[in-house]
Amino acid sequence: MDARFPHSPAEVAKVRTVQFGVLSLDEIRQMSVVQVEHSETTEKGKPKMGGLSDPRPGTIDRKMKCDTCMANMAECPGHFGHLELAKPMFHIGFMKTVLTIFWLPLSWECLV
């Protein structure tokens, strides 16, 4: 057995459906375990709280435990963090869809 993937006692089941979606700003804030407010990653040799290496979303150090679930690096599933931007931004992954939606009414007018 690979040591990176420890045995889980969870029941094995067949996946019937998978659904993907986009979280709203309120949902992101509610699920977030940390608001990143500092660009520094460390302070006095340790991960800076509220920084990019804050340990609450999960640890990247094998010797440390996650501050949210207290699991080690291999067992922690990872947790959401967020940062507040000065202005709203479009997600590049959604640009094609956004442009299609914006252009759709114009294309209908051209056909009339």
Among the numbered criteria (1) loosely packed, with under 15 Cβ neighbours inside 10 Å; (2) charged (D, E, K, R); (3) farther than 30 Å from His7 by Cα; (4) over 13 Å from the mean Cα position of the chain (by Cα), which one does Arg29 miss? (4)
Go through the range 30-48 and report how many residues are at pLDDT below 95 and touching a strand residue (DSSP E or B) at 6+ places or on another chain (Cβ under 8 Å). 2
In the range 21-66, how many residues are touching a Gly at 6+ places or on another chain (Cβ under 9 Å) and of a type in the set (Asp, Glu)? 4
Are there any pairs, at least 6 apart or on different chains, whose C-beta atoms fall under 6 Å, with the first in the range 77-88 and touching a residue at least 40 places away in the same chain (Cβ under 8 Å) and the second hydrophobic (A, V, I, L, M, F, W, C) and buried (at least 16 other Cβ atoms within 10 Å of the Cβ), and if so, which? His79/Val33; Gly81/Val34; Gly81/Val36; Leu83/Val36
Could you please find all residues in the range 5-54 being of a type in the set (A, V, I, L, M), closer than 21 Å to Ala71 by Cβ and outside any loop (DSSP other than H, G, I, E, B)? Met31
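The values are calculated or read from the model by the stated rules, or taken from the named source; none is laboratory data. None of the values given here were measured: they were computed from a predicted structure. Because the Cβ atoms are built from the backbone with ideal geometry, glycine has one as well, and the counts that use them run over all protein chains shown.
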